[in-house]
Amino acid sequence: MNTFGTTTPANTNGRGLDAALQRAGFYPLLVSDVVDDALDGREPLSHLVHLETHFDRTEVHRHITVLVLTEDMLVITHVDDQQLDDAGEQMVAQVSTESVPVAQIRSVVLSYLYSQPQNYKPSDPVRELTLSIAWSGGQRLDLGPTGCGDPQCDADHGYSGTIAQEDIALRISAEADGLQAVQDAKTFARALRAANTSTPASAVAHEDLRPRRPAFGTRLGRGASRR
């Protein structure tokens, strides 16, 4: 399966969200109405729109994730389309929204990928960036077979892996999405961190931070599309 994504700019003053959805071109009127309803009258401070297209043999699947930051909420909207017939005349859109209090966000993680680090210069662009946000205690477990240093060894050494806390992960590639898309994701992450770290301690203390199963979970990352 091949995957290509496009990310439209984050906007620190909230203007241009509709324009970003129009540029993405994925049912913009529907997505705009869903996002507006989820905002419930709140004013956007920053946004990030990420569209992914998956090619699986003869099928093409698309899905869009829209992150909108307000003064007190992170509003997440995810839309998939599904073809019901071979001719593509019968389509349905599956929509999910989640509103997360900024005070509840536990971590904002940016993971970078650089090419040829031995030749790094401050002007070198980031090749790929992954934005991970955790708020509900959801965890992702990556496992793989454990090997040893003996190339002739065929014993079973079990599995090893890592556990990462995340409720949503978006991977933005400079090659697929463009250098500006990577910068836009960094800008949105900075705005989210600023809003989260400026939340008064008293507000955090009154939040119910007991681990819950997230409504979106890891399906908002690369695994968000149907298989």
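Bear in mind these aren't lab numbers, they're just calculated from the coordinates by the rules spelled out. As the structure is a computational prediction, the values presented were derived from the model and not from experiment. Here the Cβ is made from the backbone with ideal geometry for all residues, glycine too, and neighbour counts use every protein chain on show.
Using the Cβ-Cβ distance between residue 114 and residue 86 with R0 = 41 Å, the FRET efficiency computed as 1/(1 + (r/R0)^6) comes to roughly 0.40.
May I ask you to order 121-132, 167-178 by the average number of other C-beta atoms within 10 Å around their residues, highest value first? Walk me through the numbers before you get to the answer.
Working: 121-132: 14.4, 167-178: 20.0.
Output ranking for 121-132, 167-178: 167-178, 121-132.
Sorting 65-75, 24-34 by average packing, meaning the other beta carbons within 10 Å per residue, from highest down gives 65-75, 24-34.
Based on the mean of other beta carbon atoms within 10 Å per residue, what is the order of 94-102, 179-187, most packed first? Mind dumping the intermediate values first?
Values: 94-102: 16.9, 179-187: 18.9.
Output ranking for 94-102, 179-187: 179-187, 94-102.
Amide H to amide H, with H built 1.01 Å from N, residue 70 comes under 5 Å of 45, 75, counting only residues 5 or more places away or on other chains.
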